[in-house]
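What follows is a single structure, written as structure tokens, with notes after it.
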Amino acid sequence: MKNRILGYLSLVMAFGLILSACETDIQKANEAYDFSAIKPVVLGMTGPTSVSQTFSQKYYVTYYRAGSTWNWSTSDNASIDSTAGDGDHDCYVNFPNDGTVMIFVTETTEGGLTSEPDTLSVTVNPFCPMTRDDMLGTWTGTEGEDGSGDGFSVTFVAGAGANELTIEAAAGIPGLLGNVYEGWGETFQAGFGEEGNITMTVNVDGSLVFPWTYWGQTLPGPYDYWYWGSGNWDGCGAAPTMTFDFSMDYWGDSSDPGTAYLSSVSISKQ
């Protein structure tokens, strides 16, 4: 037994000596290595590659490196509005003209070495302003409920807010996904939620938002429904256009909405 214990102790001591030797070697290697000599390479940046003229957009590098800073620049037809984040990790670019813009970023390490620039090409689309009132009236196009692409028309009236449009239900049938409710034989009733109406927020940057909203209750049933969605409007061209996705569900959980029906809409002003 005594010999066996001595054997175990010898093994433990030998293992400890090995670890000690390894730690010493690692420490020596770290002390000998010149971390300031690390040659940086920008590992990537991201941000929208198709934007609207006149508006600023956010761009940022996709990683962090302790002690590094980043420097941003653009081609002549754009400008850096501001930078933010640790070491100017993020930036905001303004696009006053349509066309193609190149965005450049370099990394400078704590040791003072600067990388070659990484580049991102951005397409800047023309932007033609519209007011909310310019959008009132009838629009026609397709409503691709689950990809069907059926032709239809929709009428926008002024909403309660200065930047809101409303699509009013007709006899309890909503202006979007109406074919779904007709197929179910359901109509929205008065006194619940939006009563089948749909409210859309129009933003000056060309975006559209349908906030998460309790749509109302239908009969027969009764059944409750909610809607939400987003998209874009474009005032340029022969006629203004809108493209957006409009989703409906019956679970009522805005933190984890599950889409029961999705309508992809593409319409133009008449």
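Matching residues to (1) over 26 Å from the mean Cα position of the chain (by Cα); (2) assigned to a loop (DSSP other than H, G, I, E, B); (3) modelled with pLDDT under 95; (4) closer than 19 Å to SER266 by Cβ:
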residue	(1), (2), (3), (4)
VAL180	yes, no, yes, yes
GLY196	yes, yes, no, no
THR199	no, no, no, no
ASP205	no, yes, yes, no
PHE210	no, no, no, yes
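Just one of the numbered conditions (1) under 25 Å from the mean Cα position of the chain (by Cα); (2) among the charged types (D, E, K, R); (3) in the same structural domain as SER56 (by TED's automatic domain parsing) is not true of GLU143: (3).
Looking only at residues of the range 221-265 that are within 17 Å of PHE156 (Cβ to Cβ) and of a type in the set (Val, Ile, Thr), we find that the one that is surrounded by the fewest Cβ atoms within 10 Å (Cβ to Cβ) is THR243.
Take the conditions without any contact (Cβ under 8 Å) to a residue 40 or more places away in the chain, assigned by TED's automatic domain parsing to the domain that holds GLY172, in a loop (DSSP other than H, G, I, E, B) and not polar (S, T, N, Q) and apply them to ASP253. Does it pass? The answer is yes for ASP253.
The values are calculated or read from the model by the stated rules, or taken from the named source; none is laboratory data. Note that the coordinates shown come from a computational prediction; the quantities given were computed from them, not determined experimentally. When we count neighbours, we look across all protein chains shown, and the Cβ atoms used for this are built from the backbone with ideal geometry, even at glycine.
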